[in-house]
Amino acid sequence: MEASTQLVDTIIKGIQEKKGTQIVTVDLKGIEGAICQYFIICQGNSPSQVEAITESVGEFARKDLQEKPTAIAGLENAQWVAMDFTDVMVHIFLPDVRAYYDLEHLWDDASLTNIPDLD
């Protein structure tokens, strides 16, 4: 399995561990000039859940793959946290902020995969 695909799977596990919902992976590999290979977008229902998801993703990546994000932005107010794993960018939103920015639909030609919520 390709390293970035493994990282995507591990990040999804970290999101699901803290009950993050509406997970979407955006495959940007075929997009000219894209800043990374994948976006992973999800949401939490409160700033504290967004923080918990962020911590969980970092923990899973470190434990399973010895990976660390090169940067994390947005934890101050935890409405939109971005985690940069170089080839994979993780975006953890509150629902209204996610709807406003609508990152999933920035690239018409990117392929989207919806990951079913675990309930």
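Taking segment 54-83 as the range and being touching a residue at least 40 places away in the same chain (Cβ under 8 Å) and among the acidic types (D, E) as the test, the residues that pass are E59, D64, E67.
How do the strands (runs of 3 or more DSSP E) wholly within segment 1-104 filter down when requiring 2 or more residues that are on the phi < 0 side of the Ramachandran plot, surrounded by 16 or more Cβ atoms within 10 Å (Cβ to Cβ) and under 13 Å from the mean Cα position of the chain (by Cα): which remain?
21-27, 38-43, 80-84, 88-93
Filtering K29, K19 for residues that are free of Cβ contacts under 8 Å to residues at least 40 places away in the same chain and not acidic (D, E) leaves a single hit, K29.
Read the figures in this text as sums done on the coordinates, not as results from a lab. In this text, all values refer to a predicted model and were calculated from it rather than measured experimentally. Cβ sites come from the backbone with ideal geometry, for glycine too, and all protein chains shown count toward neighbours.
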